[in-house]
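Chemist: Here it is, the structure, as structure tokens.
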Amino acid sequence: MKTPENPSSQSGSRRNAAVLITGAGGEVGHGLIRALSAAGHRDIVAIDIRELDAEIRELCMETFVGDICDEALLGRLMATFEVYEIFHLAALLSTRAEFSPETAHDVNVGGTLGLLRLASEQARSHGASVRFVFPSSIAAYGISDLATKAAAGKVREDQFLEPITMYGCNKLYCEHLGRYYARHYRMLAKDRVPDLVDFRSVRFPGLISSDTVPSGGTSDFAPEMIHAAAKGEPYACFVRADAQIPFMTMPDAIEALLALAAAPREQLTQQVYNLGAFAPTAGEIADLVADAFPGARITFAPDTQRQAIVDSWPADVDDTAARRDWGFAPRHDLASAFGEYLLPNIRARYAR
Ligand code: AKB
């Protein structure tokens, strides 16, 4: 099977070559579409459950409002485009998923399965493997107690894989589905074609953007705290001051997705990679926010259940493999995330 490096070589077909982005209206989707467009992509096809902002729509060749579980929608995509790459971002995040776990399963697992199938059918029909980039999450981990979390330090990809949330279970299972489609799909079929799907995944830590405030996640306390202070609003943090998980900035997250997608396949020694950049406690974030916004009113009012989710996630991750295999090198540590990225952009944003 050919690699999908040069989609224009697939000409002669009546379908347009396309890079497909699901969950395009989310925080990562916005940043990714802007970055792909800035890199010269005129072949972006975006799906979201809600209408995309006009600014994002303009950067896309085509946009669809719809559910990724809608088979008729996926069928229309199949018929209209030669998809050579998929960034599958759509998901119900960890907090929201706990209010409706079965729906989360349908969207997070059912949606991913449908897209993996679309990828393999696309690859069969145009004769080149389809690259499938999948953001997994630190939610794939589940550490039993705080003493074990403290002793574990930076966890490797193969440790503590007993997630306590539906979202974490979904992400971990979808990593396995991706590996199955990439390596073993239809292994007993006589007409089996190998290497249809080139599945690549990162386990994102909490993400912090200067442009958007996330919703539905459990790592949201950090971005919520920063944006609230910048707007002059009080913020009651839903985890303890000593709660600790890894984070990275949104530009570093987008850069990582693009770098992983661009890496030569032979350099990749695994299909799922940890990513980390800095791992502050909630209290350390609050101190930095208070320094930057002296009037900030931050209190700690832990929500027992959301605290339990954060406690089950690692304090930090070992991302040696990503750094070694495809040159992952986040630009921002905690100090530069605040000093060079978050504070200047957030101040400018709320001064408008
Ligand atoms: C969430 O909090 O659910 C997400 C994640 C850590 O994947 N931000």
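Chemist: Which of the lysines could a cross-linker bridge to Lys149, judged by Cα under 30 Å and excluding same-chain residues fewer than eight apart?
Modeler: Counting by Cα, and skipping residues close in sequence, Lys149 has these lysines nearby: Lys171.
Chemist: A further question follows. Hey, any idea what Rg/Rh is for the range 169-266, computing Rh the Kirkwood way over Cα pairs?
Modeler: Numbers: Rg = 19.0 Å, Rh = 16.6 Å.
On the Cα set of the range 169-266, Rg over Rh gives 1.14.
Chemist: Per residue, what volume in Å³ does the convex hull of the Cα atoms of the range 1-149 enclose?
Modeler: It comes to 138 Å³ per residue, whole-number rounded.
Chemist: Debye sum, Cα scatterers, the range 234-311, no solvent: what log₁₀ I/I(0) at q = 0.18, 0.21, 0.25 1/Å?
Modeler: Each listed q maps to, in turn, -0.85, -0.98, -1.16.
Chemist: Applying 1/(1 + (r/R0)^6) with R0 = 22 Å to the Cβ-Cβ distance of Leu113 and Ala79, what FRET efficiency is obtained, to the nearest 0.05? The partial results should precede the final answer.
Modeler: Values: r = 20 Å, r/R0 = 0.90.
Computed FRET efficiency for Leu113 and Ala79 comes out at 0.65.
Chemist: Follow-up question, since we're still on this one. If you split all Cα-Cα distances of the range 93-156 into 5 Å bins from zero, what percentages do you get per bin, shortest first?
Modeler: Taking every Cα pair in the range 93-156, the percentages come to 4, 13, 16, 15, 13, 14, 12, 7, 4, 2, 0.
Chemist: Please provide three numbers in whole Å: the alpha-carbon extents of the range 194-352 along the principal axes, with the largest listed first.
Modeler: 57, 36, 24
Chemist: Let me ask another. Computed from the mean reciprocal separation of all distinct C-alpha pairs, what Kirkwood hydrodynamic radius does the range 214-273 have, in Å?
Modeler: When all Cα pairs of the range 214-273 are included, the Kirkwood radius is 14.4 Å.
Chemist: Rounding to the nearest 10 and keeping the result within 0 to 90°, find how far the Cα-based axis of helix 250-262 lies from the longest principal axis of the chain.
Modeler: So the helix axis and the longest Cα principal axis differ by about 30 degrees.
Chemist: Once both labels are modelled 7 Å past Cα along the beta-carbon direction, what's the Asp106-Arg186 spacing in nm?
Modeler: Result: 2.8 nm between the two label points.
Chemist: Work out the length of the dipole vector of the chain about its Cα centre, built from +1 on the beta-carbon of each Lys and Arg and -1 on the beta-carbon of each Asp and Glu, and round it to the nearest 20 debye.
Modeler: So the magnitude is around 800 debye.
Chemist: To check you understand DSSP bridge types, tell me what percent of the beta bridges within the range 197-299 (both residues inside) are antiparallel, rounded to 5.
Modeler: Numbers: 2 of 10 bridges.
About 20 percent, rounded to the nearest 5.
Chemist: Taking N as the number of residues in the chain, what is its Cα Rg relative to 2.2 N^0.38 Å?
Modeler: Working it through for the chain, the quotient is 0.99.
Chemist: Here is a follow-up. Kindly provide the helix-only [θ] at 222 nm of the chain, computed as the sum of -39,500 (n - 2.57) over DSSP H runs of four or more divided by all residues, to the nearest 500 deg cm²/dmol?
Modeler: Calculated mean residue ellipticity at 222 nm is -11500 deg cm²/dmol.
Chemist: Going highest first, how would you order 143-155, 14-26, 59-71 by mean Cβ packing within 10 Å? List each step's numbers first, then the result.
Modeler: Numbers: 143-155: 14.4, 14-26: 21.8, 59-71: 17.7.
Averaged packing, sorted descending, gives the order 14-26, 59-71, 143-155.
Chemist: If you restrict to DSSP beta bridges whose two residues both lie in the range 102-214, what percentage is antiparallel, to the nearest 5?
Modeler: On the way: 0 of 8 bridges.
Restricted to the range 102-214, the bridges split so that about 0 percent are antiparallel.
Chemist: Please give the charge dipole size of the range 1-122, origin at the Cα centre, charges +1 on K and R Cβ atoms and -1 on D and E Cβ atoms. Round to the nearest 20 debye. Before the final figure, lay out each step's value.
Modeler: Working: 10 positive and 18 negative charges, 82 e Å.
For this selection, approximately 400 debye.
Every number in this text was worked out from the coordinates using simple rules, so none of it is lab data. Since we're looking at a predicted model, the values are computed, not measured. Cβ coordinates were reconstructed from backbone atoms using ideal geometry, including for glycine residues, and neighbour counts include every protein chain displayed.
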